[in-house]
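Quick note: the coordinates plus some simple rules give every number you see, no bench work behind them. As the structure is a prediction and not an experimental result, all values here were calculated from the model. Don't worry about glycine lacking a Cβ; one is built from the backbone with ideal geometry, like all the others, and counts go over all protein chains shown.
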Amino acid sequence: MMGSLLDHLVEITGHRDHDLLDISVMTALLNMVGVAEARVMELFQSRGELFVRPRVWISGGAVQTVDEEHTSSEQAGEPIVSFPGLVACIAQRKNRLEESTENGRHVLWIPIWQNDKVSTCLEIAHTQPFTPQMLQVMEGILSVYRNYQSLLDYSERDSLTGLLNRKTFDEKFARMVNAKPSESVARDDEDREERRHHADVKSQWLAVIDIDHFKRVNDQFGHLYGDEVLILVANVLRTSFRAQDRVFRFGGEEFVVLLRSATLADAQMVFERFRTSIEQHSFPQIGQITVSIGFSSISQETPVVILGHADQALYYAKDHGRNQVCYYDELLDQGLLQVGKKAESVEFFFDDPADG
Ligand SMILES: Nc1nc2c(ncn2[C@@H]2O[C@H](COP(=O)(O)OP(=O)(O)OP(=O)(O)O)[C@@H](O)[C@H]2O)c(=O)[nH]1
């Protein structure tokens, strides 16, 4: 028992990735406590409402994990109100709450508190009431999990806005681009031509968002106000996109959004909606600010090329009046941009094969 516990602890603490950490915790619960069903759930806000979605779960004696590229609508999230036990547990600021369901199952809700916030919780179900010994072993496993969770969050997020940081973007984006091509992604230029004529084809999009004349905010009001604007813009970003999308602070006053599974029209609509939300937001003391957005489709090109496309579109938007959304392919079609002209302002941290 002790040897096995230590093996699991070594396994849990060996990971630098949320998914792998979740998987090893689920495996430890399965093997050490013998729970039949358990899920690691993520809490997130989307368009002002709180949702819950499973990240990793035990089913049929095996650990399963969500396939981010092919998320079903159920995996994409359910409103938190569908889980009254969890809502009660969080409202009462408890570390765990046990409820028995109508069909005789016993469900344990375990929010992972970080300071006074919860972004992850566990749902553990059993056919019998949980014994004190089970609870004790689970508590041991979960203390290690809690500590590692906060260490990981610290390394993945930007400390000012709480958004995912540049390092996390580089990792996630490279993984997304290198993933097996899904049917919605064009495979070569011919497909790409084809896709342009099918406006309803779902694809992935990358947008680079930059606050206009941000230097003036700092110069006129000071850095503290500048920081406040960054935090407020990050909050608007958080509530403007869907659960399966990802928002990053890229550095300075630049943000990046990965939009999953959307048609070109959807992508245009959501980026435009975000631009308008910022334009209409009243920033304390400062008043109005605007953002420029450049976006491109996530094709089979390398990450550095895709990012370069979005960046070229962003700089086109900046050069042509700011406060607007520009789409790389459209600028290309209209002859307003040329292929291969690299935007000079972006630093690439990826390996560019073209550079040898
Ligand atoms: N307050 C604050 N300012 C930052 C931070 N990071 C970068 N900046 C500032 O952001 C400003 C960026 O300015 P520029 O890149 O010249 O661009 P801009 O003034 O936004 O103008 P355009 O992008 O051309 O519309 C600089 O003044 C930086 O000092 C930060 O974390 N906090």
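Between the amide H of PHE250 and those of PHE255, VAL256, distances stay under 5 Å, these residues lying 5 or more places away or on another chain, with hydrogens modeled in the peptide plane. State, to one decimal in nm, how far the label point of LEU6 lies from the label point of SER100, with both points 7 Å from Cα in the Cβ direction. Label at LEU6, label at SER100, 4.0 nm between them. Extension gain, GLN334 to GLU78: 0.36 nm times the residue separation minus the Cα-Cα distance gives 88.0 nm.
Shown for VAL63, VAL25: other C-beta atoms within 10 Å of each C-beta, ranked fewest to most, produce the order VAL63, VAL25. Computed over the stretch 2-156, the P(r) curve from all C-alpha pair distances, binned at 10 Å from the origin, holds 10, 41, 39, 9, 0 percent per bin. Phi angles across the stretch 137-146 convert, under the Karplus curve 6.51 cos²θ - 1.76 cosθ + 1.60 with θ = phi - 60°, into 3J(HN,Hα) values of 5, 4, 4, x, 4, 6, 5, 5, 4, 4 Hz, Gly and Pro given as x. Taking the fewest neighbouring Cβ atoms within 10 Å as the starting point, the ordered list for PHE295, PHE221 is PHE221, PHE295. Between LEU20 and GLU139, the simple spin-label model (points 7 angstrom out along Cα→Cβ) gives 3.1 nm. Ordering ILE209, ILE306, ILE80 by the number of other Cβ atoms within 10 Å of each residue's own Cβ, fewest first, gives ILE80, ILE306, ILE209.
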